[in-house]
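Down below is the structure, laid out as structure tokens.
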Amino acid sequence: MKSSEIKSKFISFFESKGHKAMLGSSLVPKDPTVLLTLAGMLQFKPVFLGQEKPPYRRVTTVQKCIRMVDVERVGKTPRHHTFFEMLGNFSFGDYFKKEAVQFAWELLTREFKLPVTRLKIAVFEKDDEAYDIWRKDIGLPAEIIFRLDEENNFWSAGPTGPCGPCSEIYYDLGEEFGCGKGDCGPGCDCDRFLEIWNLVFIQYNRDESGQLLPLKQKGIDTGMGLERIASVLQGKSDNFETDLFVPLIRKIMAISTAGESDPSARIIADHARAVTHLIADGVFPDNTGRGYVLRRLIRRAVRHGKMIGIKGPFLVDLSSTVIAQMEEAYPALREKSALIAATLKEEEDNFMATLDNGMKLFGELQEAHKADKKITGEEAFRLHDTFGFPIDLTIELADESGMKVD
């Protein structure tokens, strides 16, 4: 099933359950407490807080998201990304846990026809209500329902705001992808159990002091990563092998020494999607805030391009592939294509002009610090000030070399 079909089937399913299909929001959120849109529920945060009237009682969306929390893991695992699309369904004071669980199970097992034997469930350890729904209403055996702690199964969109316990649905890729430990299960850091859907039961508001206050109106916020469900439905064990990434990675392979599974090619493919969408949504390279996120992603992509032998600028060409793939769902990409190209060209040219000299200096620092394995703050600042290396990039380079930055 192509990724476009998956999105269409998801939306159609929830429309058949009385949901109104709404457009996702910009990557630049209205919410001042969050730098970038990191979840589908963000545009509905005022509704969950009771500050705004819900547009509809039931809603479904496809939301583009940016998360930087795992940027160092992108390309090194089959499942981590900075940019991804989140399929979601929402209830504002309408249905709650039981219906949310039933909808999810029906879509996965009847519409997507996933084998029940491959699915595992994780619930918040204190959420007996959710456990009983999975156990008694859905009829699942106790051995495939796992109680996990707050770190794994309690969700919030930020440091404050709507939050609540959640139930996660995992797809078991098989023992060959596991770590072999006796306690391996959902929540394990190995690649065996792929979290495909998170059902969040919004029942609290976390205030500035960290206190959880019950909401007058409970809600449902679910999120299923398109990249992950696409890998399952396309019979792949790796998100980067789906139709979302293959055209980009093939283009990167054609201009580099990289193979299909080269981490640098995957990092570039991921970042090309992210930077294209960020610029289309009005973000421009800068040294602070959202602009810094964009600049950091562009410079990471350029450095990895250099590592796999790409000669000259390449991000503009990759962005055109992103636009061709995604313009039907996001028309603004085509409308802003000239701006995207101009922004990427200027930023890439500026960084490439200093990258070689910066890498030469870094090589000298490696040699000079063979014994103590530590780059000084002054040296890190020189890389930033003279060669445009963000401190994150210097730390990343140092880490790859077994060094630390003071």
Original post:
Given the rule -39500 (n - 2.57) for each run of at least 4 DSSP H residues, summed and divided by the residues of the chain, what is its mean residue ellipticity at 222 nm, to the nearest 500 deg cm²/dmol?
Top reply: -12000 deg cm²/dmol
Original post:
What does the accessible area of M307 come to, in Å² to the nearest 10, when a probe of 1.4 Å is used?
Top reply: 100 Å²
**OP:** May I ask for the angle, rounded to the nearest 10°, between helix 377-387 and the longest principal axis of the chain, with both axes built from Cα atoms and the value confined to 0 to 90°?
**Re:** 80 degrees
**OP:** Using only Cα atoms, find the angle between the long axis of helix 337-368 and the longest principal axis of the chain, and express it within 0 to 90 degrees, rounded to the nearest 10.
**Re:** 60 degrees
**OP:** Considering the options L42, L108, T77, tell which one lies farthest towards the positive end of the dipole of the stretch 1-126, charges being +1 on Lys and Arg and -1 on Asp and Glu at the Cβ, about the Cα centre.
**Re:** L108
Original post:
What is the sum of charges around L226, taking Lys and Arg as +1, Asp and Glu as -1, for the other residues whose C-beta is under 10 Å from the C-beta of L226?
Top reply: +1
Original post:
Of the heavy-atom accessible surface of the stretch 90-156 (probe 1.4 angstrom), what whole percent is carbon and sulfur?
Top reply: 41 percent
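Excluding K373 itself, what net charge comes from residues whose Cβ is under 14 Å from its Cβ, given Lys and Arg +1 and Asp and Glu -1?
Working: positive: K370, K374, K404; negative: E367, D372, E379, D399, E400, D406.
Local net charge: -3.
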Original post:
Between rounded, prolate and oblate, where does the stretch 120-236 land on the alpha carbon gyration tensor, with a ≥ b ≥ c its root eigenvalues, rounded for a/c under 1.5, else prolate if a/b exceeds b/c?
Top reply: prolate
Original post:
How do V101, V246, V116 stack up against each other in accessible area, from largest to smallest, with a 1.4 angstrom probe?
Top reply: V116, V246, V101
Subject >> Alpha-carbon centroid distance for the pair the stretch 290-362 / the stretch 260-286, whole angstrom >> reply: 7 Å
Subject >> Cβ-defined net charge surrounding R295, 12 Å radius [Lys, Arg +1; Asp, Glu -1] >> reply: -1
Subject >> the chain, relative contact order in percent, only Cα pairs under 8 angstrom and at least six apart counted >> reply: 13 percent
Original post:
From the Cα gyration tensor of the stretch 1-117, with a ≥ b ≥ c the square roots of its eigenvalues, which class applies: rounded if a/c is under 1.5, or else prolate if a/b is larger than b/c, or else oblate?
Top reply: oblate
Subject >> the chain: most fluctuating residue of A100, A371, A274 per GNM, C-alpha cutoff 10 Å >> reply: A371
Original post:
Among K9/K126; K45/K181; K181/K306; K64/K311; K20/K45; K98/K126, which pairs are too far apart, with a Cα-Cα distance over 28 Å?
Top reply: K9/K126; K45/K181; K181/K306; K64/K311
Subject >> Check: the stretch 64-219 dipole with +1 on Lys, Arg Cβ and -1 on Asp, Glu Cβ, in debye >> reply: 340 debye
**OP:** Could you calculate the FRET efficiency of E364 with S237 from 1/(1 + (r/R0)^6), where r is the beta carbon distance between them and R0 is 56 Å, rounded to 0.05?
**Re:** 0.85
**OP:** Give me the compactness ratio for the chain, meaning the Cα radius of gyration over 2.2 N^0.38 Å.
**Re:** 1.03
Original post:
Going by accessible area, probe 1.4 Å, with all protein chains left in place, what is the ranking of C65, C184, largest first?
Top reply: C184, C65
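How big is the charge dipole of the chain about its Cα centre, in debye rounded to the nearest 20, if each Lys and Arg gets +1 on its Cβ and each Asp and Glu gets -1 on its Cβ?
Value, rounded to 20: 940 debye.
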**OP:** Please return the longest stretch of the chain lacking exposed loop sites, where trypsin sites (Lys or Arg not before Pro) count only if DSSP places them in a loop and at most 10 other Cβ atoms lie within 10 Å.
**Re:** 182-310
**OP:** Counting only heavy atoms of the protein chains, get the accessible area per residue of the stretch 1-108 (1.4 Å probe) and round it to a whole Å² value.
**Re:** 41 Å²
Original post:
From the Cα gyration tensor of the stretch 81-120, with a ≥ b ≥ c the square roots of its eigenvalues, which class applies: rounded if a/c is under 1.5, or else prolate if a/b is larger than b/c, or else oblate?
Top reply: oblate
Original post:
Once both axes come from the Cα atoms, what is the angle between helix 391-400 and the longest principal axis of the chain, in degrees from 0 to 90, rounded to 10?
Top reply: 90 degrees
Original post:
How big is the gap, in Å, between the Cα center of the stretch 178-223 and the Cα center of the stretch 55-102?
Top reply: 12 Å
Subject >> Within the stretch 2-66: Cβ-based charge dipole about Cα centre, in debye rounded to nearest 20 (Lys, Arg +1; Asp, Glu -1) >> reply: 180 debye
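Ignoring ligands, DNA and RNA, what accessible area per residue does the stretch 295-406 give at 1.4 Å, in Å²?
For the stretch 295-406, the solvent-accessible area averages 51 Å² per residue.
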**OP:** Report, to the nearest whole %, how much of the accessible area of the stretch 293-366 belongs to carbon and sulfur atoms, 1.4 Å probe, protein only.
**Re:** 53 percent
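With a 1.4 Å probe and every protein chain left in place, work out the accessible area per residue of the stretch 203-265 in Å², rounded to a whole number.
Ligands and nucleic acids excluded, the figure is 46 Å² per residue.
The values are calculated or read from the model by the stated rules, or taken from the named source; none is laboratory data. All figures in this text were calculated on a predicted structure; none of them were measured in a lab. Every residue, glycine as well, gets a Cβ built from its backbone with ideal geometry; the counts of neighbours run over all protein chains shown. Each accessible area value is taken on the protein alone, full model and side chains, heavy atoms only, with ligands, DNA and RNA left out. Shrake-Rupley method; radii C 1.70, N 1.55, O 1.52, S 1.80 Å.
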